[in-house]
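Comments concern the structure below.
Since every read-out is calculated from the coordinates, none of them should be taken as a lab result. What you see is a predicted model, and the numbers here were worked out from it, not measured in a lab. A quick note on method: Cβ atoms are made from the backbone with ideal geometry, for glycine too, and the neighbour counts reach across all protein chains shown.
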Amino acid sequence: MKKTKARIILVVGALFLLVLHLFRYSDHRTFQRQKNTAGSTKLKETTIKSKPYVYTWQKCQRNVTAANITGFKDLPQNIKDFLYYRHCRHFPMLLDLPDKCGGAAESGAVFLLLVIKSSPANYERREVLRKTWAKERLHNGVWIRRIFISGVSGTGYQKERLNTLLQLEQKHHRDILQWDFNDSFYNLTLKQILFLEWMERNCPNARFLLNGDDDVFANTNNMVVYLQSLEKNNGSQHLFTGHLIQNVGPIRASGSKYFIPVQVQESNSYPPYCGGGGFLLSGHTAMIIYQMSKSIEILPIDDVFMGMCLAKAGLGPSSHMGVKTAGLHIPSEKVDEYSPCYYKEMLLVHRFLPAQMYLMWHRIEDPNLKCGGS
């Protein structure tokens, strides 16, 4: 009897130690990876009980050797800042949506993922989009999902208020990805790379994506119809289409918003690309772009950078007549330039104010709208 009791105690004790070990392994597992770049970054990958992986990166440090670049001291401050942090590709994530696509394995159920670049202060734009073309819904039998991608803006109390605003929006809408980097024009490429990294981890099988700004008018119903009409492409083949731009190069005028000095890029030509206001691409192509981006030096003009990634993969963008990122030109001043009949058949037009967006969406959705001979 004593031997039996002793065996039972030993077995119970062994089981207790095994359970304790598994608990610690599953709930407190941490991996660290060192990346050898100027201003090194470390990744901490933590598994939290009952939640998917949470990825946390330390803040990237400034590469002070950038100041040794010829002509550096004469460059504008925004270019200097870009060169100081050009090597940085990983930042702490403030707001995440690991289950947005139903989990990586189930993400093929998302037919059209709307990836909308939005700065923290653009609350009114986000609210209008949620009620109009970016509304999450089932259309023509397929799912449309929405994500806003953002960095941080402002300093001090302003930064705190804007971050709190995004947190409140996240609580109610569950549609924001935010990283702890400065949300500026010259960091748009970084925003794209960070999103693609998130997509590979959480939504790798989404069929198609609309990648665009929060001030475009997008007829997402038309987009679904167009994408469903593609022969032999359910998102597993190459697609990258929009307002095609080619035979252009860097703007060297320092006063331009798009100024790119030789210290950033020596070449005087860009590969073909689509205007960054908005373009459509397949999930297949998105993942190719992400893989190519890992070995291409960051260029601050995000749409050009996407073109560079395509070119490296031996792929190219295509033109779609329904995408007007330079705006829709109405030749006559005698007609309403915001007549819904001009926009009803379009896929995307840049740019709209929130009130114009709200009105246009409801006008083109009106079943009683009559255009031309219809």
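With a cut-off of at most 11 other beta carbons within 10 Å, and DSSP calling the residue loop, which trypsin sites (Lys or Arg not before Pro) in segment 272-374 qualify? Please list them. The qualifying sites are K294, K334, K370.
Summarising the amide proton neighbourhood of R146: residues at separation of 5 or more, or on other chains, whose placed amide H is nearer than 5 Å comprise L114.
Points 7 angstrom from Cα along the Cβ direction at V142 and S256: gap in nanometres? According to this spin-label approximation, the distance is 3.7 nm.
A 28 angstrom limit on the alpha carbon distance is what I want to check against. Which of K117/K159; K232/K312; K191/K232; K135/K312 exceed it?
Details: K117/K159 18 Å; K232/K312 24 Å; K191/K232 31 Å; K135/K312 35 Å.
Going by Cα-Cα distance, K191/K232; K135/K312 fall outside the 28 Å limit.
Taking the charge dipole of segment 154-263 about its Cα centre, with +1 at Lys and Arg Cβ atoms and -1 at Asp and Glu Cβ atoms, the residue from I176, C203, F240 reaching farthest to the positive side is F240. Which shape class, rounded, prolate or oblate, goes with segment 93-321 when its Cα gyration tensor gives a ≥ b ≥ c as root eigenvalues, a/c under 1.5 marks rounded, and past that a/b bigger than b/c marks prolate? Note, shape of segment 93-321 comes out oblate. Checking every one of the trypsin sites (Lys or Arg not before Pro) in segment 188-290 against DSSP loop status and a limit of 14 other Cβ atoms within 10 Å picks out K232, R252, K257.
Find how much the distance from K370 to K294 grows on full extension, using 0.36 nm per residue of separation minus their present alpha carbon separation; answer in nm with one decimal. Please report the intermediate quantities before stating the final value.
On the way: separation 76, 0.36 × 76 = 27.36 nm, distance 4.95 nm.
That works out to 22.4 nm of additional length.
Note on L315 and R351: the extension gain reaches 10.1 nm, defined as 0.36 nm multiplied by sequence separation minus the Cα-Cα distance.
Treating the beta-carbon of each Lys and Arg as +1 and of each Asp and Glu as -1, no other charges, what is the dipole magnitude of segment 93-321 about its Cα centre, to the nearest 20 debye? Provide the component values of the computation, followed by the final result.
Values: 22 positive and 21 negative charges, 69 e Å.
Computed charge dipole of segment 93-321: roughly 340 debye.
Placing unit charges on each Cβ (+1 for Lys and Arg, -1 for Asp and Glu) gives segment 93-321 a dipole about its Cα centre, and among A121, Y258, L138 the Cα reaching farthest toward its positive end belongs to L138. Taking a Cβ cut-off of under 15 Å around L112, the surrounding Lys, Arg, Asp and Glu residues balance to a net charge of +4, with basic ones at +1 and acidic ones at -1. Placing one identical point scatterer on every Cα of segment 291-374 and ignoring solvent, what is log10 I(q)/I(0) from the Debye formula at q = 0.11, 0.24, 0.27 Å⁻¹? So the normalised log intensities are -0.49, -1.20, -1.39.
Please give the length that would be gained between V64 and E160 if that part of the chain were fully extended, namely 0.36 nm times their separation in residues minus their C-alpha to C-alpha distance (nm, one decimal). Walk me through the numbers on the way to the answer.
Working: separation 96, 0.36 × 96 = 34.56 nm, distance 2.82 nm.
Once the chain is fully extended between V64 and E160, it gains 31.7 nm.
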